[in-house]
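First comes the structure, then the notes that go with it.
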Amino acid sequence: MKTKNIFGIILAIILIGSGGYFLYKKNKDSSQKNNLADTSNIAYYHCGMHTWITSDKPGKCPICGMNLTPVYKDNAIHTEGEVSIDPTMIQDIGVKTEIIKKRQLTRTINTTGIVDYDETSESIIT
């Protein structure tokens, strides 16, 4: 009677352990597949502080040592001379846009000062 109970307990432990192992492996494999899917959408990596520092693989910025952050293909610059900024960032930094027009650029500066004569050209005769 005791051997049947011990055998049953050992069998239950083995079944529970193997079930947990297979669930762990399944979740690990699916998370690796998700990570691979995310990396296939990455255009390149760049430093957030030094945006001219780019790399095709993750790493550290040689200037400041920060981790390089991924730039995804849908957020990457697509054409030469075109800049795209995330809408949240536009709101945070207060970007203002205006339609391009050809016009005269003028700026009036109001300031204060003292008008005086040139002391270097002064001569004293005794």
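Every number in this text was worked out from the coordinates using simple rules, so none of it is lab data. On a predicted model such as this, the values are computed, not experimentally measured, just so you know. All Cβ positions, even for glycine, are placed from backbone atoms using ideal geometry, and neighbour counts span all protein chains on display.
For the listed peptides 17-26, 64-73, a ranking on the average number of other beta carbons within 10 Å per residue, highest first, reads 64-73, 17-26. For residue 44, nonlocal amide neighbours, meaning residues 5 or more places apart or on other chains whose placed amide H falls under 5 Å from its own, are 71. Protection proxy ranking for 44-51, 5-12, using the average of other Cβ atoms within 10 Å per residue and placing the highest first: 44-51, 5-12. Working ranking of peptides 53-59, 117-123 by packing, defined as the average number of other Cβ atoms within 10 Å per residue, highest first, is 53-59, 117-123.
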